[in-house]
Amino acid sequence: MNTLFCTLAQSGWPEPMPTGTLFHYLVISAAMFVIGLIGFVTRRNLIIMFLCTELMFQAAGLSLIAFSRFHLNHTGETFVIFVLTVAAAEAALALALVVLLFRRKESLDAERWAELRG
């Protein structure tokens, strides 16, 4: 097994990602991020805002993985693991907060919660 890995590593495998392919991944990532940002700013439903935040997290993860593959190192993939961990913790807290807020006001409209500002 070890000789197979050494043989593949010496033969230049994996091939570096072409710049054009990296560009495509970054365009998709930017589009996902912009869609998430527009959805977060324009919508007032707390669940939609939460989903748009998750879409922005995934866009950032996609760009990290694309750059990691382009440069043939694993640091971007390691950061994606941390981003996914933070996103999971944020999802748990946000959903718990949404359930609590819905029980108090019977609405998920963010405008109705503006009175919480101190």
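Remark: pairs (first residue in the range 73-102, closer than 16 Å to M49 by Cβ; second residue of a type in the set (V, I, T) and in a helix (DSSP H, G or I); Cβ separation under 8 Å; 6+ apart in sequence or on different chains) = E90/T53; A94/T53; V98/I47. The set of residues in the range 1-52 being among the charged types (D, E, K, R) and either surrounded by 12 or more Cβ atoms within 10 Å (Cβ to Cβ) or modelled with pLDDT of 95 or more (or both) consists of R43, R44. Looking across the range 29-46, just one residue is outside any helix (DSSP H, G or I) and free of Cβ contacts under 8 Å to residues at least 60 places away in the same chain, and that is R43.
Of all residues in the range 31-88, exactly one satisfies the criterion of being closer than 22 Å to E111 by Cβ, under 13 Å from the mean Cα position of the chain (by Cα) and among the aromatic types (F, W, Y), namely F50.
The values are calculated or read from the model by the stated rules, or taken from the named source; none is laboratory data. Since the model is a prediction, treat every value here as computed from it, not as a measurement. Don't worry about glycine lacking a Cβ; one is built from the backbone with ideal geometry, like all the others, and counts go over all protein chains shown.
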